[in-house]
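Asker: Below are the structure tokens for one structure; questions will follow.
The values are calculated or read from the model by the stated rules, or taken from the named source; none is laboratory data. Please read all numbers here as calculations on a predicted model, not as lab measurements. Neighbour counts run over all protein chains shown; Cβ positions are idealised from the backbone, glycine included. Heavy atoms of the whole protein, side chains included, go into the accessibility calculation; ligands, DNA and RNA do not. Shrake-Rupley method; radii C 1.70, N 1.55, O 1.52, S 1.80 Å.
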Amino acid sequence: MDETTLPLTELLATDLDDGFTELVRTQAGTVRSVLLRLSGSARDADDLGQETFLRAYSALRDYPPERRGQLQPRAWLLTIAANVWRNHVRTLSRRPGVADGVEVTAIELPDRSPGPEQLALDGARRARLVAALSGLPDHHRLPVVLRHIGELSYQEVAGILDCPVGTVKAQVSRGLAALRAEPGLAADRGTHGAAGPGTASAETKTKTKTKAAHEAARTERKEATG
């Protein structure tokens, strides 16, 4: 939950200009991070972020104080940011030859084995993660980014996407599964797994010796009871 929600919403309700300044100060980083992962361009993220806050201020001016005081700032702003990004995508789709890429510095993939955020320690691994995320379809990329970069709850993401929570969970799960299944990332995961070839070989030898010892003991017991 956003720790600044209560004082920020009170400030928005009583003094819009001061409240909006605080809103920008506390939420601009999150909004930019989400837009950066979605758009793949620092320049686009800055432009889309400015448009997001312009739309937010315009909306807030039309809200009565009671409504401003009931906002969930992060989820509300990311709803606007998601719509701004989707409009941007629709505009780009009408421009042939525009490349689509995503810049990623870290993304949390909940898994017991090493995730992409651990593997993206050098340029080559980071490039593979960038390619994998940029290859996700929008209906998977957006929920993954909102959930793991925007740090929203499934309920909040469902509200932004206007769909059931179960649908969001499925989309996020499939998006993360697609990232884990990416050949380049899978190869890195295998290299950095908990047990390498040498370990597996030693475990096999130990099991073989143990089995042989048990068989020898059974043979001795049979001969002794003859």
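Asker: When all alpha-carbon pairs of the range 1-70 are counted, what percent fall beyond 21 Å?
Answerer: That fraction is 29 percent.
Asker: Please calculate the 1.4 Å probe accessible area of residue 62, with all protein chains present, and give it to the nearest 10 Å².
Answerer: 130
Asker: Any idea how far apart residue 89 and residue 173 come out in nm if each label point goes 7 Å out from Cα toward Cβ?
Answerer: Distance between label points: 2.2 nm.
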